[in-house]
Every structure is written in C-alpha cells, then in structure tokens.
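First up is the structure itself, then whatever we jot down about it.
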Amino acid sequence: MVSLLAKAKGLDEEGITTYIYTGSYRLPLKTITGEIMKDIMVVDKIIGIGEVAISDHRSSQPTFEEFVRAVSDARVAGMLSGKAGIINIHLGDGPRKIALLRRALKETEIPITQFLPTHINRNPELFEECVYYAKDGGYIDFTGSEDPDFWEETDGEVRFSKGLKRLIEEGVSMDNFTLSSDGQGSMPIFNEKKEYVGIGIGKSTCLIKAIKECVYCESIPLETAIRAITSNPAKILKLNGKGRIEPDMDADLCLLDENLDVDTVVAKGKMMVENKKPVVYGIFEGK
Ligand SMILES: [Zn+2]
C-alpha cells in the first residue's frame, strides 16, 4: 500500500488527487475489485500496476509466468480503457538486474513501452544495463534523493544529473526518461548486511533540486532536464491534459524564479502557492 500511495501523481480541483497503480510490490497483486483488469477499467484513477519488485531481497520473487500474466492483464485493460496500463517495476540491487524484463520482451509479444522500471540509478551496474534498455526504446525512471552526495558516496547511486548527461551522450531519446521522488513514501534504511536499521521518508522537493543540478553542474538545458518531471511522465503514463502548456490542457503550472526555485504553483487553474508561500492548505495542515 505504501508504494502505491508513494507513486501518487496529479492534482484535481481540491488540490491533490492521485493517479495510482493497483497492487503493490508483490505478485500476486492485491486488487480493489478482485482483478487487475477490472481495477484498471472500472476505477478511474488507476492507470496500471506497480511497483512490482524484482531483483530485490524484498521481492516476492515472482515466477516468469506470474509476471507476464499480470503484465498482460494490465496491458489489455489499459487498451480497453484508454489508459497507459503501465507496469511500474521496482528494481532492486540484485545481480539479476532487468533479466526478467528482458525475458518478457524476448518471449512474449508485449512491447517495451508497456514497462516503466524505476530506481534504475540505484547502482552503476544497474544503470549501465538500463542505458542500453533505454537505447532499445524502453522507458526508464530515475529515483531522486534528498541527499544525493550521501547516496552517491555510500551506495554508488548514480545522481540524476550525471545519469541524464550519460543518456544524452549515448543518444537515448529525450522522450524516454522520467524522474520520481517516492515523495511521502517510506524509505527503509539497511546496513551493508541488508539488515533493517531504520526508516526514512521520501520528499518530493528532491525533484527540483535534481533539475537544478542538471542545469548548474552539468550544463544540461533546463528544457531538456525538466522533461523528466513534466511532459515525459505525462506522455508515458498517458495523463491526458497534463505535461504541456497548451490550450485545453489542465493549467497545472509551476513558475520558477531566476535561481530555479519554485515561486508559484497553479493546479487546474487554481493558485496553490504564491510568492513561495502556500495559499491552499490540506485538511491536517495548520496555517
Ligand atoms: Zn520501489
């Protein structure tokens, strides 16, 4: 449930809404209606399944058959309901990396664009595999971090700015990458023996920090880097009305100041943050 909520995206009239994935982490999935296909076709906010964890010591170690059955249900339900039917895959740091995903592409007719593997920058070896996966036309999702220096140092995590630079050098399509935060999600902390030592919390503020690093440290154009959190996820997840500034879109706008800090947020045309101060508060948030 936590990973399902952590991947919430989007806004509605009141401020916050969610586009969610049905199930969480483990196969077989927990669904709302009892079936993956019904969940996606009947529940308007559900756009796919995930995070399905693979190559991870916390994964339910799904078999190939279990995996492709769930993938096929999500794909067909997505086609029937006009949604992405995306399969968001949590990649752990196990040596199998994306082997299960590659096998599904080799042995079934399911197209590579049905999947969005995440945490692809967890370590350099996994990232290398995912660069080639993206070169083959796959979508890849970076995970942002509040403290990229710490994670780069201790875990070898590839920070978004350096990873994006690599994608550019490799000629990967600039439509194929996204960046997500696991905002408000639990961030378990393990020691080197994979023993659980505590819990942290993901923060969505890491996203704009990562974009700033691209511009200021790697000289990547803002309009390229910002695609990771705007037009690319909107297109990949088929979030209609989102991701571009055009007539008849939802008017979800973020204005940045000259230092690329968030100054103003407009959600569906409604002012949410003005002059760097929130003007709309959630039910449990004090003014
Ligand atoms: Zn995950």
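A few notes on this one:
- The mean of 1/r over all pairs of different alpha-carbon atoms in region 151-245, once inverted, gives a Kirkwood hydrodynamic radius of 14.8 Å.
- Within the chain, percent of DSSP bridges classed antiparallel, to nearest 5: 45 percent
- Residues in region 112-147 that a label on Tyr196 would reach, taking backbone N under 19 Å of a point 7 Å out along Cα→Cβ: none
- Each stretch of four or more DSSP H residues adds -39500 (n - 2.57); spread over every residue of the chain, this sum gives -9500 deg cm²/dmol at 222 nm.
- Among the GluC sites (Glu not before Pro) in region 216-278, those placed in a DSSP loop whose Cβ has at most 12 other Cβ atoms within 10 Å are Glu258.
- Taking the chain and dividing mean pair separation by its residue count, relative contact order in percent (alpha carbons under 8 Å, at least six apart): 12 percent
- Simple rule: put +1 on each Lys or Arg Cβ and -1 on each Asp or Glu Cβ in region 89-159, find the dipole, and look at Gly137, Phe115, Ala104; the Cα lying farthest toward the positive end is Ala104.
- All Cα-Cα separations within the chain were binned at 5 Å from zero, giving a P(r) of 1, 5, 12, 17, 19, 18, 14, 9, 4, 1, 0, 0, each value a whole percent of the pairs.
- Contour minus Cα-Cα distance for Glu35 and Asp261 (0.36 nm per residue): 77.1 nm
- Phi-based couplings in Hz for region 265-281 (Karplus 6.51, -1.76, 1.60; Gly and Pro marked x): 10, 10, 10, 6, x, 9, 5, 10, 9, 9, 6, 6, 10, x, 10, 10, 10
- Each label point was placed 7 Å from the Cα along the Cα-to-Cβ direction; for Gln61 and Asp155 their separation is 2.3 nm.
- Length gained on full extension, Lys276 to Glu146: 44.8 nm, using 0.36 nm per residue less the C-alpha separation.
Each reported figure results from applying straightforward, stated rules to the coordinates on display, with no laboratory input. Everything numeric in this text was worked out from a predicted model, so none of it was measured. Backbone-built Cβ (ideal geometry, glycine too); neighbour counts: all protein chains shown.
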